[in-house]
Every structure is written in C-alpha cells, then in structure tokens.
Amino acid sequence: MMSEPKGLEAQDPSAYVVFCDDVRHELGGKLTFVGVYSHRLVSARGGVPLPKLVVFLSLSYPLAMVGQVVDVSLVDTGQTVLSTQVPLLAPAAIVKVREDQPSPDRSQLQVPIELVGYVPRNGATLQVLASIGSFKFISPTLSMIVPDVEPQTEDLAQQH
C-alpha cells in the first residue's frame, strides 16, 4: 500500500509506475505483479522479443478532479510510442466499513499498458509521463541492458 508523500495535500494527485512481466487481477480486487523490474531490465540474449512487458500506472486523485482528463504517454528512449487521454471517473461504489467512517475523498485510476513482442535494445529506456492540469508525473526510468552479440553455444560449452 502506498502512503501519501510528506507535503502532499489531500487535493493533489499522486502516482506510481510498476514495470513487470504481467499483472494478474485476483478475487477480492487484489493485484499480483509478476516479474517486477526495479530500475533495469537485463536480457540474456539480444534481439529476442519479450512475450509481454507491462507498464502499470496507478494514479490516486481527489474526487474534485472527476471529469478531468489525464494525458498519459509512454516514452521509449526519448520517443513517444503511445499517447492517450483517460477521463477521471467517480468510483462505481463507495464502500464504508463502519457507518461513522467518513466517505472517501479520493479515487484511483489504473492504466496497464501491455507491450507484447517488445524487443529490448541495449541502452534503451522506458518511462511514463502523466499530466492533469498543473500536476506532472514523470516515472522512474527502466533501463535496458542487452548483450550486443548472442553467446555461441560452443563458447558456453568450453567454459564449463
């Protein structure tokens, strides 16, 4: 669970990104992130497409922002490869555990971007940009480390 950073006002949005191999939606509303990358993706072989790479953006925003549109971009080594606009919606239902509990004043947007067949290139980077009005989010960068030449089977046999 993510806590609000110090100095963040209740009316400010907050966001985070997870780079991973897959996201699974479990019963009870849980998400399972499979194969999470911290800051770099290391590929054992160059030129081989990944079955799937997921870039998962989560944006928490105050209900006062409902109706506004968030601009989301995926940037691959400085080039925008995906750009979309997503409306901020009110929650479908407000669930209270106790009747005296205050109503939530925030909602959450989840944007999973699935890259199927993405071929990592040595030195390439992936990053997400999101903006709503004056709020600007720039994700940490996922850097690619890929060998230039695929190791030869004979060389590997001689090393053992």
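Observations, loosely collected:
- Evaluating Gln85 against the criteria (1) at pLDDT 95 or above; (2) surrounded by 11 or more Cβ atoms within 10 Å (Cβ to Cβ) leaves one unmet condition, (2).
- Segment 1-17: number of residues that are of a type in the set (Ser, Thr, Tyr) and either surrounded by 13 or more Cβ atoms within 10 Å (Cβ to Cβ) or at pLDDT 90 or above (or both): 2
- Ser143 within 17 Å of Val17 (Cβ to Cβ), modelled with pLDDT of 90 or more and of a type in the set (Gly, Ala, Ser): yes
- Every residue from segment 33-62 that is of a type in the set (Ser, Thr, Tyr) and modelled with pLDDT of 95 or more: Tyr37, Ser58
- Enumeration of residues in segment 18-50 that are surrounded by 13 or more Cβ atoms within 10 Å (Cβ to Cβ) and assigned to a loop (DSSP other than H, G, I, E, B): Ser43, Gly46, Gly47, Leu50
- Hey, Pro102 assigned to a loop (DSSP other than H, G, I, E, B), modelled with pLDDT of 90 or more and either among the small types (Gly, Ala, Ser) or closer than 30 Å to Val86 by Cβ (or both) or not: no
The values are calculated or read from the model by the stated rules, or taken from the named source; none is laboratory data. Everything numeric here is computed off the predicted structure, so don't read it as measured data. FYI the Cβ positions are ideal-geometry reconstructions off the backbone, even for glycines, and counts take in every protein chain you see.
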